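A short write-up of the structure that comes next.
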Amino acid sequence: MSELLVDFITSLDGCASGEGWPGFWGLEGPEYLAWLGEQPKVTYLVGANTYRLMSGFAAGEVPSGQDEFRPEEEASVDELTQAAKVVFSSSLEAPLTWANSTLVREDAVEAVRAMKANGSGLLSTIGSLSLSRSLLRAGLVDRFRVVMFPVITGATGEERIYDGYPDVALEMIEHRTFDGRIQLVEYKPRVLDHPPLHAPE
C-alpha cells in the first residue's frame with residue numbers, strides 16, 4: 001500500500017507564495033538544499049493550476065518579478081521534470097506537454113484512494129492547495145509536512161494554505177531546523193468532526 005504525504009513550503013503566516021518574492025523566499029541554505037537532494041523518489045500529485053505554473057517554469061517562463069531563474073530554482077524545476085507526475089484536471093487536454101505527466105480526469109479522491117490501495121511507493125502533493133485539502137478531508141493523508149521559512153508575508157502573501165481546512169489534530173513525527181533558520185515540522189494528521197471536549201492526556 002502506498003503512503004501519501006502532503007508537503008508544503010510556507011511563510012510563517014501560512015502562505016505558499018508571495019508577490020515579488022523569489023522561490024524559497026530567497027532563504028534556502030546548504031543544509032536545506034542537501035536535505036532536498038536526499039529525498040526518496042516519489043510520484044507527485046498535482047492539480048491543474050500547479051501543473052500550468054510548474055510546466056511553464058519547465059518551459060522557461062520566469063516567475064513574475066525575476067529576470068531569470070536562480071540556480072537553486074532551476075535545479076528544483078529540473079528535478080520535478082524528471083519525476084513521475086499525476087495531474088488531476090477536467091480542463092487540461094491530453095497529451096500533457098510536461099515530461100512524465102499523466103492526466104487523470106476522474107474524481108481525485110477516488111483515484112488517489114485506488115492508487116494508495118494498489119501501489120507500493122510514496123505519493124506526494126506539491127502545491128495544489130485545493131487537491132491537498134480534499135485529500136486531507138477524505139482521510140487519505142498519512143503524513144503532513146510543512147517547511148516554514150522565516151518571513152511574514154502580511155502585505156504580499158498569496159495562496160493561504162489553511163483557509164477552508166477542517167479542524168485537524170496533529171501528532172508530531174519529526175521536526176528539524178535547517179541552516180539555523182528554516183523549520184521543518186511533520187505530523188500524522190487526524191481530521192476532527194468537532195473540537196476535542198478535553199485536553200489530550
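The values are calculated or read from the model by the stated rules, or taken from the named source; none is laboratory data. Not measured: the values here are computed from a predicted model. Note: ideal-geometry Cβ built from the backbone for every residue, glycine included; neighbour counts use all protein chains shown. For the accessible areas, the whole protein counts, side chains as well, though only heavy atoms, and no ligand, DNA or RNA atoms are used. Shrake-Rupley method; radii C 1.70, N 1.55, O 1.52, S 1.80 Å.
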Quick one: divide the alpha-carbon radius of gyration of the stretch 115-200 by 2.2 N^0.38 Å and tell me what you get. 1.24
Applying the Karplus parametrisation 6.51 cos²θ - 1.76 cosθ + 1.60 with θ = phi - 60° to the phi angles of the stretch 111-125, what ³J(HN,Hα) value in whole Hz is obtained for each residue in order, glycine and proline being reported as x? 5, 5, 4, 5, 4, 5, 5, 9, x, 9, x, 8, 9, 9, 7
I need the fraction of alpha carbon pairs in the stretch 1-110 separated by more than 24 Å, rounded to a whole percent. 30
Can you work out ³J(HN,Hα) from phi for every residue in the stretch 176-184, in order, using Karplus 6.51 cos²θ - 1.76 cosθ + 1.60 and θ = phi - 60°, giving whole Hz and x for Gly and Pro? 6, 10, 10, 6, x, 8, 9, 10, 9
Can you give the helix-only mean residue ellipticity at 222 nm for the chain, where every DSSP H stretch with n ≥ 4 adds -39500 (n - 2.57) and the sum goes over all residues, rounded to the nearest 500 deg cm²/dmol? -7500 deg cm²/dmol
Please calculate how many Å² of accessible area the chain carries per residue, with a 1.4 Å probe and no DNA, RNA or ligand atoms counted. 55
What percent does the relative contact order of the stretch 1-130 come to when contacts are Cα pairs within less than 8 Å and at least six residues apart? 45
Rank-order 163-169, 82-88 by packing density, defined as the average count of other C-beta atoms within 10 Å over each peptide's residues, highest first. 82-88, 163-169
Once amide H atoms are placed 1.01 Å from N in the peptide plane, what residues at a sequence separation of 5 or more from Val168, or on another chain, have their amide H within under 5 Å of its amide H? Leu192
Alpha-carbon centroids, the stretch 1-49 and the stretch 127-193: separation in whole Å: 11
Would you please state the base-10 log of I(q)/I(0) at q = 0.14, 0.23, 0.31 1/Å for the stretch 96-152, with intensities from the Debye formula using one equal scatterer on every alpha carbon? -0.49, -1.10, -1.48
Descending semi-axes in whole angstrom, ellipsoid equivalent of the chain, from the Cα gyration tensor: 25, 23, 16
Probe radius 1.4 Å, ligands and nucleic acids ignored: give me the carbon and sulfur share of the accessible area of the stretch 29-115 as a rounded percent. 51
Within the chain, percent of DSSP bridges classed antiparallel, to nearest 5: 45
Karplus-derived HN-Hα couplings along the stretch 28-35 (A = 6.51, B = -1.76, C = 1.60, θ = phi - 60°), whole Hz, x at Gly and Pro: 5, x, x, 5, 5, 5, 5, 4
May I ask you to order 107-117, 92-102 by the average number of other C-beta atoms within 10 Å around their residues, highest value first? 107-117, 92-102
Stretched fully, the stretch from Glu93 through Ala117 gains (0.36 nm per residue minus C-alpha distance, one decimal, in nm) 5.9 nm
Net charge around Leu129, counting only other residues with Cβ within less than 11 Å of its Cβ (Lys, Arg = +1; Asp, Glu = -1)? -1
Could you calculate the contour length gain from Thr156 to Gln39, that is, 0.36 nm times the residue separation minus the distance between their Cα atoms, to one decimal place in nm? 39.1 nm
